[in-house]
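Below is one structure, written out as structure tokens; comments come after it.
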Amino acid sequence: NMKKKNKGRTSGGYAQIVFHQLCWHMGWECSVPTFETYPYDFVVRGIEKETKFKTVQVKQAYTAKGSSRIRVDIRKKGKQGRKRAYEKGDFDYAAVYRPDNDEWYVIPWSKIRNIKSEIGLTLGKWDGYKIKKRTSPAKV
């Protein structure tokens, strides 16, 4: 069940834990910022064969209420709980977790920078950004 959870950081926290596993599986170096004041969740090296560390914002997909469409909110919490758009420089990649089928999409900021609120994963527009997991974890 992919119902959106709005109680604290429940769904996003789970996606962040699973992202650690994805990094290990893919052989990507992964670090977590010390403070939660940054607009990204991780710093990662190895995405798209990058040799420099890149910032990653992790998001979890959900099924919109009364719909079968899979959605991802591409906004951050602002003042007084209001959501607002991310800004240029907030992160380099959005890592989107789809828990219903354990799939990941890693989407460059340049591809989502003009999106005001959500992206939909149901119709296949973002399938080119799906991560093909290795059959066995990378050697460390």
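Taken over region 80-111, the criterion of being within 18 Å of Ile47 (Cα to Cα) and open to solvent by 40 Å² or more (accessible area, probe 1.4 Å) is satisfied by Gly89, Asp92, Glu103, Ser110, Lys111. Could you check region 15-72 and list, in sequence order, the residues that are within 23 Å of Gly124 (Cβ to Cβ) and either of a type in the set (S, T, N, Q) or exposed (fewer than 12 other Cβ atoms within 10 Å of the Cβ) (or both)? Answer for region 15-72, where residues must be within 23 Å of Gly124 (Cβ to Cβ) and either of a type in the set (S, T, N, Q) or exposed (fewer than 12 other Cβ atoms within 10 Å of the Cβ) (or both): Glu48, Gln57, Gln60, Thr63, Lys65, Gly66, Ser67, Ser68. Filter region 27-46 for residues that are of a type outside the set (Phe, Trp, Tyr) and touching a Gly at 6+ places or on another chain (Cβ under 9 Å); which is farthest from Tyr86 (Cα to Cα)? Result: Gly27. Restricted to region 67-140, the set of strands (runs of 3 or more DSSP E) holding at least 2 residues that are small (Gly, Ala, Ser) comprises 93-98. Return yes or no: is Lys7 under 21 Å from Gln80 (Cα atoms) and at pLDDT below 90? Yes, satisfied. There is at least one residue in region 114-129 that is within 19 Å of Val18 (Cα to Cα), free of Cβ contacts under 8 Å to residues at least 60 places away in the same chain and touching a helix residue (DSSP H, G or I) at 6+ places or on another chain (Cβ under 9 Å).
The values are calculated or read from the model by the stated rules, or taken from the named source; none is laboratory data. Bear in mind the structure is a predicted one, so any value in this text is a computation, not a measurement. Cβ atoms come from the backbone with ideal geometry, glycine included; neighbour counts cover every protein chain shown. Accessible surface areas use protein heavy atoms only, side chains included; no ligands, DNA or RNA. Shrake-Rupley method; radii C 1.70, N 1.55, O 1.52, S 1.80 Å.
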